[in-house]
């Protein structure tokens, strides 16, 4: 029996997409928890345990983050600027993958050049994409 990741975090403002992605991960049974936040600000609060996440609610550190680029308010690129400034213990060993509908080749190029981004995938998220990411970054879980 393969091990599961402790937590996968989706950062995306699109609720139907979040519902489907969470359902897919749960069906693959590859994580103990699947968390969803709908903005870059909420994601930073989740990772730092501040804001609505400071009320004692359990919020495990994610092993894997799927980050959307195009979100209102703070987009994925702005989130990354703040994420890069987090203390090492708040981002230690987190694998971050851009998951987007963007067809702009500049977005993919920028993602590949960013040290915080481990992968760039197009929506919709599919089982083989998750399995590819798990085998590449978490071989002990395959």
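Selection within the range 87-110: residues that are in contact (Cβ under 8 Å) with a residue 40 or more places away in the chain and not in a strand (DSSP E or B). The member of this set that is surrounded by the most Cβ atoms within 10 Å (Cβ to Cβ) is 91.
Scanning the range 115-137 for residues that are within 19 Å of residue 63 (Cα to Cα) and surrounded by 15 or more Cβ atoms within 10 Å (Cβ to Cβ) yields a total of 12. Residue check: residue 69 meets all listed conditions (1) closer than 22 Å to residue 4 by Cα; (2) under 15 Å from the mean Cα position of the chain (by Cα) but one, namely (1).
Just for the range 49-86: of the residues that are part of a helix (DSSP H, G or I) and surrounded by 15 or more Cβ atoms within 10 Å (Cβ to Cβ), which one is modelled with the lowest pLDDT? This residue is 53.
Taking the criterion of being crowded, with 16+ Cβ neighbours inside 10 Å and either without any contact (Cβ under 8 Å) to a residue 40 or more places away in the chain or over 17 Å from residue 121 (Cβ atoms) (or both), the residues of the range 1-21 that qualify are 4, 7, 13, 18.
Look at (1) assigned to a loop (DSSP other than H, G, I, E, B); (2) closer than 16 Å to residue 48 by Cβ; (3) under 15 Å from the mean Cα position of the chain (by Cα) and you find that residue 124 fails only one, number (2).
Residue 42 meets the conditions (1) crowded, with 16+ Cβ neighbours inside 10 Å; (2) within 24 Å of residue 4 (Cα to Cα) in every case but one. The failed one is (2).
The values are calculated or read from the model by the stated rules, or taken from the named source; none is laboratory data. Computed from a predicted model, the values in this text were never measured in an experiment. Glycine also receives a Cβ, built like all others from the backbone with ideal geometry; neighbour counts cover every protein chain displayed.
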